[in-house]
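*Asks:* After the structure tokens below, expect a handful of questions from me.
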């Protein structure tokens, strides 16, 4: 994923994301994070609820909506909780073990477009 340009809601726009801002995220939990061009699936490495950020390991997007794979090395970034699109990423494995499909990708895409 390399250098990211992250997308973020304004500081005063918290009505629709307050559950995300207030919920404790668990290590290993799948979430979706907004970047400028799209959202990316990510696994929570560490949650800093008090500091308002979360450290995640990003997946690499596939060619079609909802497909991704885990990179050979972890792509770890610390991002603001305001960039979390969804804490409910439902995914299932595809052939090969590193490839996955987000079954609720259309719902997450709709949420991303509201950012």
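Bear in mind that the values in this text are calculations on the coordinates, not laboratory data. As the structure is a computational prediction, the values presented were derived from the model and not from experiment. A quick note on method: Cβ atoms are made from the backbone with ideal geometry, for glycine too, and the neighbour counts reach across all protein chains shown.
*Asks:* Can you figure out the FRET efficiency of residue 80 with residue 101, using R₀ = 25 Å and their beta-carbon distance, to the nearest 0.05? Display every interim value, and only then the final one.
*Replies:* On the way: r = 27 Å, r/R0 = 1.09.
The value I calculate is 0.40.
*Asks:* Now for a different question. Could you compute Rg(Cα) / (2.2 N^0.38 Å) for the range 14-107, with N its residue count? Display every interim value, and only then the final one.
*Replies:* Numbers: Rg = 12.8 Å, N = 94, 2.2 N^0.38 = 12.4 Å.
Normalised Rg, Cα atoms only: 1.04.
*Asks:* Report the FRET efficiency, 1/(1 + (r/R0)^6), for residue 60 and residue 109, where r is their Cβ-Cβ distance and R0 is 25 Å, rounded to 0.05.
*Replies:* Values: r = 17 Å, r/R0 = 0.69.
Using R0 = 25 Å, I get an efficiency of 0.90.
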